[in-house]
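Structure first, then comments.
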Amino acid sequence: MTAQSLQNVEPTWIEMVWEMVTFETMIKVAIVYFFIIWIAVLVWVIKDISNRTNNIFLQIFSILLIVLLSPLWVFFYLLIRPGKTVLEKYYQEIEDNLEILSSIVKDKVDAGWETTDCTTCGYELDVDFLFCPGCKSKLRDACVSCKKSIRKWWEVCPYCGENQKGKRKKSDKKKKKD
Ligand SMILES: [Zn+2]
Ligand SMILES: [Zn+2]
């Protein structure tokens, strides 16, 4: 084989590809790759920050952070971004309001339903109990005037305003006499 015949040999496709893979093309590919990542990070930050805040200044700051500096600043962005998305905040607010509401309702119900403990034995009593299940003591009496069921120790009937104290003793005495 002479030098002349070597030059005439067609290069194989592997040789052609290998000729293209120079240091320069590797740098070019790396730069293109870097810009693709940059754009991807930027798109993600724009979506993320608009989900997390309606504050336009914070949105612009976050976007400029990536645009003007580099996609590596996404780690800094992760540190400074609001912890919760707007939707999460919204649900948190609803949850908080529901808690307040339920505590108000609970207070109202407790006040109305009057689940008090028995003064004698400590048994938890519902409002309509007539006798304590714990110590069997009588909890309710009929009002001396309107005959509605009221607490035994109430001095005035909440329905008709009749004073109970003296009259009940009298009515009890009357009953004893009868
Ligand atoms: Zn009791
Ligand atoms: Zn009454």
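Here are some notes:
- Only helices (runs of 4 or more DSSP H) whose full extent lies in region 4-76 are considered here, and the ones with at least 2 residues that are in contact with a helix residue (DSSP H, G or I) (Cβ under 6 Å, 6 or more places away or on another chain) are 23-52, 56-64.
- Inter-residue pairs, beta-carbon under 8 Å, first under 15 Å from residue 140 (Cβ atoms) and not assigned by TED's automatic domain parsing to the domain that holds residue 140 and in region 154-167, second within 11 Å of ligand 2 (Cβ to nearest atom) and not in a helix (DSSP H, G or I), 6+ apart: none
- Of all residues assigned to region 97-117, at least one qualifies as being within 16 Å of ligand 1 (Cβ to nearest atom) and free of Cβ contacts under 8 Å to residues at least 12 places away in the same chain.
- Options 63, 31, 27: the member that is surrounded by 14 or more Cβ atoms within 10 Å (Cβ to Cβ), of a type outside the set (Ser, Thr, Tyr) and modelled with pLDDT of 80 or more: 63
- Residue in region 141-161 that is surrounded by 14 or more Cβ atoms within 10 Å (Cβ to Cβ) and modelled with pLDDT under 80 present: no
- Condition check for residue 77: modelled with pLDDT of 80 or more and away from ligand 1 (no atom under 16 Å from the Cβ): no
- Any hit, region 96-114, residues being of a type in the set (Asp, Glu), at pLDDT 80 or above and either part of a strand (DSSP E or B) or surrounded by 12 or more Cβ atoms within 10 Å (Cβ to Cβ) (or both): no
- Positions within region 54-98 being within 27 Å of residue 33 (Cβ to Cβ) and among the charged types (D, E, K, R), in sequence order: 81
- Residues that are closer than 17 Å to residue 121 by Cα and either within 8 Å of ligand 2 (Cβ to nearest atom) or over 44 Å from the mean Cα position of the chain (by Cα) (or both) within region 136-161 comprise 136, 137, 138, 152, 153, listed in sequence order.
- The numbered conditions (1) surrounded by 11 or more Cβ atoms within 10 Å (Cβ to Cβ); (2) modelled with pLDDT under 85; (3) away from ligand 1 (no atom under 16 Å from the Cβ) are all true for residue 92 except (2).
The values are calculated or read from the model by the stated rules, or taken from the named source; none is laboratory data. Values in this document were obtained by computation on a predicted structure and should not be read as measured data. Methodologically, a virtual Cβ is constructed for each residue, glycine included, from the backbone with ideal geometry; neighbour enumeration extends over all protein chains shown.
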